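Here the structure is laid out as structure tokens; the discussion comes afterwards.
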Amino acid sequence: MDIVVKGRKTEVPERFRKHVAEKLKLEKIQKLDGKVMSLDVEVSKEPNPRQADRCDRVEITLRSRGPVIRAEAAASDPYAALDLAAEKLDAQLRKQHDKRYTRRGARRISAAEVADHVPGVATLTSNGHPVPSDDTAGVPTKKIGSLEVQGDGPLVVREKTHVAAPMTLDQALYEMELVGHDFYLFVDSETKEPSVVYRRHAYDYGVIHLNTDPMVAQAHSPEAGGALGG
């Protein structure tokens, strides 16, 4: 893998390209992320004289099997901007690296231990069944599949509502890695539809998009059925 250095509305001297290769050591980066596919460095210059102390900007983009990592910085010269951006990239890589090892070492908790780790959920027995509370004592219980339902039902599932801003797929992958979950529900900024990214095998990811179809919704409507009268 090579480092691609390009300029946006500015020329990139050969001396700076060599400095990039010395600063961004591929061996060190690959030790922190062995799935790196490409590493791009873009240099741009701000012509506004009022921003002389931040006229040179360097953006580093690392594409891997996981989420895209970007680090950018601005300074009075491109070399200083590169140093700052490289520090940010290193910090993000180390954070992702530590999270992967933490996740591998974390043990799975039993159903009975869920209430100790997740506040607000129902207490479960060692078999994964809800522990009856005082106010449900004496209420008849029936079994539906692998679940026990008290009374006549209906079965109520604990639900949450979150307010979320639309985001790109890369952002959703980054947020999933950040919270350490195996899936992440988000609203796609392009389609404005609800979507889910999830972890597959190793560092592979999958994504499910939900596309609202009025015809399907009408077919499942209670008013859609019925026989035709003569």
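What follows is calculated from the coordinates using simple rules that are stated; it is not laboratory data. Source: prediction; values computed, not measured. Reconstructed Cβ throughout: ideal geometry from the backbone, glycine too, with neighbour counts over all protein chains shown.
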Among ALA75, LEU89, VAL58, the residue whose Cα sits farthest towards the positive end of the charge dipole of segment 45-94, when +1 is placed on the Cβ of each Lys and Arg and -1 on the Cβ of each Asp and Glu, is LEU89
Computed over segment 1-70, the relative contact order (Cα-Cα under 8 Å, seq sep at least six) in percent reads 33
Based on the Cβ-Cβ distance from LYS25 to LEU185, what FRET efficiency comes out when R0 is 45 Å, to the nearest 0.05? 0.75
So which GluC sites (Glu not before Pro) in segment 1-57 pass both tests, a DSSP loop state and at most 13 other Cβ atoms within 10 Å of the Cβ? GLU11
Using the structure shown, list the pairs from LYS18/LYS45; LYS25/LYS45; LYS9/LYS88; LYS6/LYS192; LYS9/LYS95; LYS9/LYS192 with a Cα-Cα distance above 31 Å, or answer none. LYS6/LYS192; LYS9/LYS95; LYS9/LYS192
By how many nm would the segment from THR161 to GLU193 grow when fully extended, if each residue of separation counts as 0.36 nm and the alpha-carbon distance is taken off? 9.9 nm
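Under a Cβ-Cβ cut-off of 12 Å, what is the net charge of the residues other than ALA81 that fall near it, where Lys and Arg count +1 and Asp and Glu count -1?
Result for the neighbourhood of ALA81: -4.
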Counting Lys and Arg as +1 and Asp and Glu as -1 over every other residue whose Cβ sits under 9 Å from the Cβ of ASP56, the net charge comes to +1
Out of the trypsin sites (Lys or Arg not before Pro) in segment 1-64, which ones are loop residues according to DSSP with at most 15 other C-beta atoms within 10 Å? LYS9, LYS25, LYS35
Label model pair THR168, HIS201: point-to-point distance (7 angstrom along the Cα→beta-carbon line) in nm is 2.9
